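This report refers to the structure that appears directly beneath it.
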Amino acid sequence: MKNRKLLAANWKMHLSLTAAQALASETTQLYAREVTSGLRVVLAVPHPYLLAVRHLCKDHPNLAVAAQNLHQEAQGAYTGEVSAEMIASCGAEYVIVGHSERRLLYGETDELLLAKTQRALAAGLHPIYCIGETLTQREAGQTEQVIEHQLHTGVLKLNHAQLEKVVIAYEPVWAIGTGRNATPEQAQDVHADIRAAIATQFGATEAQAISILYGGSVKADNARALFAMPDIDGALVGGASLSSRSFIDIALAL
Ligand code: PGA
């Protein structure tokens with residue numbers, strides 16, 4: 001069976017170039033010294049730092065770089081936007097698509113996110129496709145419905161060859177940056193539903209192969225319990241990835 005384990009850092013809109021370079025080198029050094037499992041680690045960094053961080057990771061075959069967003073068109077008069085090809089040409093291998101901050105703050109819709117996913121795939125990037133319910137939706141008992149809708153309008157519209165390149169991240173919106181994380185059981189329930197939906201649409205082999213990450217206030221001290229769940233294959237880590245020590249501690253728990 002394919003090794004599904006993957007740990008991704010989401011640096012969001014933090015750090016100066018100098019601080020980003022320092023964090024990338026500390027993280028790669030700690031990784032090289034301590035992580036012996038061959039775990040795949042992805043650093044999602046601000047666009048202007050892609051090249052520099054890629055350069056610092058390039059000697060480590062298990063470390064990759066990601067962008068945090070892309071534009072849905074291949075090129076054109078879209079001032080200020082960044083294309084999939086630009087991201088790929090900086091040496092990034094992944095791109096986050098549909099982070100809840102993009103969905104909520106920039107009104108990114110499921111349709112737009114599918115277009116972005118397809119554009120990323122066409123450029124040879126692995127999309128890290130984010131889904132997750134808000135607190136209101138969870139409290140109204142709509143989690144399953146919301147996840148199903150986000151899957152049906154997103155990754156379930158891809159073909160087999162495309163799906164193989166995708167990583168899914170389940171990030172309950174109420175757990176992001178709040179210090180309030182889903183219990184391992186709550187997360188496992190949703191991860192199992194996601195895998196079942198993939199199995200129904202694409203088959204058991206594809207469902208067993210896809211990496212499903214959990215995201216939302218993952219820290220070194222809650223990571224192990226989350227990773228003990230059978231359908232949690234890793235994490236997308238925001239705040240705790242801004243310290244190389246805490247991020248590598250999470251890697252050691254996986
Ligand atoms: P957090 O962010 O770990 O700071 O909650 C996770 C994310 O937004 O991907």
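In the range 174-231, which residues are closer than 19 Å to THR136 by Cα and part of a helix (DSSP H, G or I)?
TRP174, ALA175, GLN186, ALA187, ASP189, VAL190
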Query raised in the report: Which one of these is crowded, with 16+ Cβ neighbours inside 10 Å and farther than 18 Å from LEU125 by Cβ: VAL45, VAL53, VAL65, VAL35?
Result: VAL35
Query raised in the report: Residue check, GLY215 against (1) out of contact with any Asp or Glu (no Cβ under 7 Å at 6 or more places or on another chain); (2) in contact (Cβ under 8 Å) with a residue 60 or more places away in the chain, all met but one. Which one?
Result: (1)
**Report entry** Some residue of the range 193-208 being β-branched (Val, Ile, Thr), surrounded by 15 or more Cβ atoms within 10 Å (Cβ to Cβ) and either at pLDDT 95 or above or on the phi > 0 side of the Ramachandran plot (or both)
**Finding:** yes
Report summary line: Of (1) within 30 Å of GLY124 (Cβ to Cβ); (2) within 16 Å of the ligand (Cβ to nearest atom), ALA175 fails just (1)
Requested in this report: Quick one: which residue in LEU163, LEU213 is within 21 Å of ARG40 (Cα to Cα), crowded, with 20+ Cβ neighbours inside 10 Å and more than 15 Å from the ligand (Cβ to nearest atom)?
Outcome: LEU163
Query raised in the report: From ASN10, ASN3, which residue is of a type outside the set (Ser, Thr, Tyr), within 20 Å of LEU213 (Cβ to Cβ) and within 16 Å of the ligand (Cβ to nearest atom)?
Result: ASN10
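The values are calculated or read from the model by the stated rules, or taken from the named source; none is laboratory data. Here the structure is a predicted model, which means the values were calculated and not measured. Because the Cβ atoms are built from the backbone with ideal geometry, glycine has one as well, and the counts that use them run over all protein chains shown.
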